Amino acid sequence: MALEAKHDEGSRAMFDVKAPMLITGGTFNITTGGADNDNHRQKVYKAFERYVAQNATNDSIEIMDAPRCHPKTRRAILKKVVDWVTSQNSDRSETMLWLHGPAGAGKTAIGHSLAEMLSVQGQLGATFFFLRTADTRNNARLLITTLAYNLALTIPEIFPFLSTTVENSPYVFQQSLETQMERFIVNPVLSMSLSASSAGSANANVPCRALIIDGLDECNDRNVQTRILTIIASVAPRLAGKIKFLIFSRPEFHLEATFKSPKLRGITRIIGLKDDLSALDDILIFLEDRFEDIKQKHPLQSIIDPSWPSSEDIEELVQRSCGNFIYPQVITKYIEAEYDRPQKRLQVILDLSPTSDAPYGELDALYRHILSGARVDRALLLRILGVISIFRSDPQNVLLACTTQFQERILFLEPGDIPLKLLDLRSIITFESYIVKHPYFCFPNILHTSLFDFLVDYQRSRELCIDWNKMRNDTARGILLFIERSISELANASRKDCNCRSHLLCDHKWYIFYDALLWVSAAPTSEMQHAVMNHRVGLVYDLILAEDEADVQKAWADCDIKDPFEYHQAKYYDFLKRALNKYHLSGNQSVLATILALFSTLGTQLMIPEDLAQLVRPCVSFLQLYHPSNDLPPARQKLISEEISKKDIITQNFDFQTIVNALIPHASGELKNALLFTERIIPEENEYTSARVLAAFLSNATISGQYYCGDKAWYDATVYCLNFLRSDGPSQDLSCIAYFLEAIARLLVLQLYYESSKILPAGQVASEVIYLPKKIGFPIDHSFLVGALSYYMTLASSYRQSFTKISFDAAKFCDIARAFHTVIPPSSCLMSHTDLKNLTCTFFDDIHM
C-alpha cells in the first residue's frame, strides 16, 4: 500500500523525505532519540560541512567505480586482514596494521574490497583514500575530520559527543592534527564507551571498528605522512578493543623506518604484498576470466577462436606482471577495445606487432610519477638505472657485476650510493641480499620488469628515455677507466696488504671487470675502439708481477698494431712470458713444467673444452696437493682431495683458490712458484677462459719460444706423472689415480698423433702402470688405461682428421696396446681381445688405404 511518510521529530533520521513511499512487508523497529539527538546530528552536519572530503570515502560517488579485487582473487590476504580486525582473541597490543606493496600491486583494490566486507559485518568505522591528483585527497587537511564524520555515520551513538566537542571548541577545525585526533576521535569514542558501560547499555560491547587509510604515500608531504603515523601510534593503545587502524601504502623508506621505530614496532602487524606467493595464481585467474569476458561480449565474439588466447600467451603475461595487478588491468583494458580486433591487440602487447597506440598509458603515467618524484639528479638517476638494466639478467659468469658494489665502482659513486640515490623508487626497485655468506652484497630487485621497456622507448618515456647504445658504451668506458684508476691507487701497495683472497669483489680482481666488459657488448663505434686501443692493460700485468718489487715500472711501449684484439692479445702473451720468467726458475721445475704440459693439451686440435673441468684442473690440483715438499697434515689433504673430486664439473665452479689458501703456508721453492702461477694466471671464477688462452700460448712455438710445450714436454710430463703416481700420497688416493691414468693416456695419444720423436717404450709404460695397481690393490680394472687410450685415439682419429699419418705412429700405438694386451687378464679387460685387435687393424687399414 502507498503511505505518505508521517513521523515525529525523533524518527527523521530514517524517514526524512517529503515524497510518497511504498512499503511492502518487513518489520520496522524504530528507535527515536528525541529532539536532543536530532539536534546533535544537525549541529554536526553543519559544523563538518566544510571539513569533509566527500570523495575520499569508499562509498562516495566519485570512487564507486574504483577497482575492487576480482572475484576468487586475493582471498588469502583479505581473510588474513579481516581475521585480524574481527578476532576478539588477537593480541590487543596490535592496534595498527600496515599493508604495503609495490606500485600497482593492488593495495587500493584490497582496501575497497576490505571496506565492503567489514561494512557488511558491521565492523567498518571509516575510510580515507588518498590520491595525489585530487586536491582534497592529496593532503592531510581533511583527514581527521573526514574519518570522524564517517565514524559517526557508522556509529550514531557518537553524534552527541561530537556535538559537544563542536560546541565547546568551535575553532578545533583550525587546530593541529594532533588536537583534532584527540577531540574528534579519541574523546568521542572513549566517552561513548564509558557512557554505554555506565548505563549498562546493550551497545557497551560493540564490535571493534576499523579505520582504513589507503595510499598514505600519496599524501604530498613526506613529513606529514610520518606525522600521521606518529599521531595514530600515540592514541591507538588507548583505543584498543574499540578502534583498529589499517594503513595501506607503498614501502617507502621513511614509512618503513617509522613503522620499525620502537614506538610503532610493538603495536603494528605488518603484511607485505611482495611476499604474497598467491599473487601470480590470482593474476592467472584474473586474465582467464577477462579473456572469457572479451570472447563473450566483444562485437567480434562469433569469429573469435574459442581456444584464444593460448595458455602460453597467458602464462607469458602472468610472468610479465611480476605479481602486480596493474599490469593485467592495463593490458586487458587495451585488448578489450570494441573498435579493434582483440587478437591483434594481444599481439601488440606480446611485442609481436608494431602499433602507434599507447597500450600502457596508465602504467607509463605511474612510472613517470615515481621517477619524476625521485630526489636525485635526473642524469645520474638514468645512468644508474641504465647500468642496472645492463646487468639485470643476472648472468652467472658475471654475477658480481649485478651487485650495487660493482656498479658503484664503475659509476665512481661512494659505497651505498645506489640504494641511497634510488630511495624514492622503493615501490618499483628494492635491494636484496642473496649470498648467505656475504650479506653485504646487494642485488637490485626489479619489481616491475616492464620499467625498462618504458625507459628505452622514447615514445613512452620522452625526457626519461635511456639511449641504450650510448649507455652500453658509457658503461664499457666506465669499466676501463675504473680499472686504470684502481691500478694507480694500488700501484704503490702490495697485494699482501689486501685481504682480497677472502673477498668476492676486490679491486685486484680485474678479471671480474673484464668479464663484465665483455658482457656489456658495447657497439664497435670509433669512440669505443679508441677507448679500447688506449686502455693501458699493461698496467694490470705490471702490478700482478710487481708484488715483490719496490717500484712498478712502465713496461709497455707504444704498439703499432691497429686491431684492438691483436693489440691486447700481444700484450697478454708478453705478460705470460714475464710471468713464466718470474715463476719458472732455472733448475728442477718439474711441477710447473708438468702443469704447463697439461694445460698445453687444451690448445691442440684433439681435445674438447670439457676436458678442462674433467681432467686438467683436478690433475693440476692433485700435483700441488701431493707434492713432496708439502707438509700439510694427511687429514687436511684428504679433505681437500674430496673437495677436488667432488667439484670437477665446470658448472660447479671449482677454483684453485682452495688449493692455494690451504698450501701456501706449507709451500716453498718450486711448489710455491707453481701455486702462485696457477693462482695469478688461472684465477678463480675465470680459469676456463684464462686456461684456454694459456693453452693457445703454450702450444704455439712461435709466440711461446722457450716455453713451448710439444713432444718433449709431453714426454717429460708422462714420465713425471708415472713417477708421481708411485709416490706415497697419490698412491693412496683413488680419485687421484683415476685422473692421472687418463692424463697419461691423453699425453701418449698426443705424442703419437703429433709424431713425437721421443716416446716411452710400450713395455715400460705397461709395466709402470700395471705395477701401481698391483702395489696398492687398485680396485679399478687394469684395462682402465687401455680404455682411455682407445678413447683418445678414437677421438684423435675422428675429431679433425683420420689417423693416417705414417705407420710409425700407428705401430707405436699398437705396440702399447699389445703390451697391455699381454699383461691384462682377459676377464678384467673392458675391451675384448677381439675389439682391441679390430681397433688396431682399423688404424693399419686407414694407413694403407
Listed residues Ile30, Ile63; which is at pLDDT below 70, open to solvent by less than 90 Å² (accessible area, probe 1.4 Å), on the phi < 0 side of the Ramachandran plot and more than 59 Å from the chain's Cα centre (by Cα)? Ile30
So is Ile703 within 46 Å of the chain's Cα centre (by Cα) and surrounded by fewer than 18 Cβ atoms within 10 Å (Cβ to Cβ) or not? yes
Residue satisfying condition, being open to solvent by less than 80 Å² (accessible area, probe 1.4 Å), free of Cβ contacts under 8 Å to residues at least 12 places away in the same chain and of a type outside the set (A, V, I, L, M), within set Ser302, Ser321, Ser356, Ser310: Ser310
For the range 252-283, what are the residues that are under 20 Å from the mean Cα position of the chain (by Cα), not small (Gly, Ala, Ser) and not in a helix (DSSP H, G or I)? Asp276, Leu277
Please find, within the range 491-527, the residue that is farthest from Ile410 (Cα to Cα) out of those that are outside any loop (DSSP other than H, G, I, E, B) and at pLDDT 80 or above. Glu527
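Each row is one residue, and each column tells you yes or no for (1) outside any helix (DSSP H, G or I); (2) open to solvent by 10 Å² or more (accessible area, probe 1.4 Å); (3) at pLDDT 80 or above; (4) closer than 19 Å to Val591 by Cβ.
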| position | (1), (2), (3), (4) |
| --- | --- |
| Glu685 | yes, yes, no, no |
| Thr718 | no, no, yes, yes |
| Leu750 | no, no, no, no |
| Phe778 | yes, yes, no, no |
| Tyr792 | no, no, no, no |
| Ala796 | no, no, no, no |
For the range 544-556, check the following and say yes or no: at least one residue is modelled with pLDDT under 80, assigned to a helix (DSSP H, G or I) and open to solvent by less than 50 Å² (accessible area, probe 1.4 Å). yes
Residue under question is Ile294, and the condition is that it be more than 22 Å from Asn445 (Cβ to Cβ) and either open to solvent by less than 10 Å² (accessible area, probe 1.4 Å) or aliphatic (A, V, I, L, M) (or both); does it hold? yes
Flagged pairs (Cβ under 6 angstrom, 6 or more apart or on separate chains; first in the range 623-643, at pLDDT 80 or above; second open to solvent by 10 Å² or more (accessible area, probe 1.4 Å) and not in a helix (DSSP H, G or I)) are Ser641/Asp733
Which ones in the range 326-343 are surrounded by 13 or more Cβ atoms within 10 Å (Cβ to Cβ) and over 18 Å from Glu292 (Cβ atoms)? Ile326, Tyr327, Val330, Asp340
Report whether or not Ser310 is out of contact with any Phe, Trp or Tyr (no Cβ under 9 Å at 6 or more places or on another chain) and among the polar types (S, T, N, Q). yes
Name the residues in the range 254-291 that are among the acidic types (Asp, Glu), open to solvent by 50 Å² or more (accessible area, probe 1.4 Å) and at pLDDT below 90, would you? Asp275
Here are Arg75, Arg92: which of them is open to solvent by 60 Å² or more (accessible area, probe 1.4 Å) and at pLDDT 85 or above? Arg75
If we take the range 395-490, then helices (runs of 4 or more DSSP H) inside it with 1 or more residues that are open to solvent by 50 Å² or more (accessible area, probe 1.4 Å), more than 30 Å from Gly101 (Cα to Cα) and of a type in the set (S, T, N, Q) are 468-490
Pairs under 8 Å by beta carbon, first residue under 16 Å from Leu147 (Cα atoms) in the range 213-224, partner among the basic types (Lys, Arg) and part of a helix (DSSP H, G or I), six or more apart or different chains? Asp214/Lys107; Gly215/Lys107
Exception for Leu162 within (1) open to solvent by 40 Å² or more (accessible area, probe 1.4 Å); (2) part of a helix (DSSP H, G or I) falls at (1)
Residue among Leu153, Leu142, Leu131 that alone is open to solvent by less than 30 Å² (accessible area, probe 1.4 Å) and assigned by the TED database to the domain that holds Ile213: Leu142
If Leu97 passes every condition in (1) surrounded by 16 or more Cβ atoms within 10 Å (Cβ to Cβ); (2) touching a Ser or Thr at 6+ places or on another chain (Cβ under 9 Å); (3) modelled with pLDDT under 95 but one, which one does it miss? (3)
Being open to solvent by 10 Å² or more (accessible area, probe 1.4 Å) and among the aliphatic types (A, V, I, L, M) is the filter; apply it to the range 663-683 and report the residue that is modelled with the lowest pLDDT. Ile664
Every residue from the range 585-599 that is in contact with a helix residue (DSSP H, G or I) (Cβ under 9 Å, 6 or more places away or on another chain) and either at pLDDT 85 or above or open to solvent by 50 Å² or more (accessible area, probe 1.4 Å) (or both): Leu585, Gly587, Asn588, Val591, Leu592, Ala593, Thr594, Ile595, Leu596, Ala597, Leu598
Looking at this structure, is Tyr567 modelled with pLDDT under 65 and either more than 30 Å from Gly729 (Cβ to Cβ) or crowded, with 19+ Cβ neighbours inside 10 Å (or both)? yes
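The values are calculated or read from the model by the stated rules, or taken from the named source; none is laboratory data. What you see is a predicted model, and the numbers here were worked out from it, not measured in a lab. Every residue, glycine as well, gets a Cβ built from its backbone with ideal geometry; the counts of neighbours run over all protein chains shown. Just the protein is used for accessible areas: all its heavy atoms, side chains included, with ligands, DNA and RNA removed. Shrake-Rupley method; radii C 1.70, N 1.55, O 1.52, S 1.80 Å.
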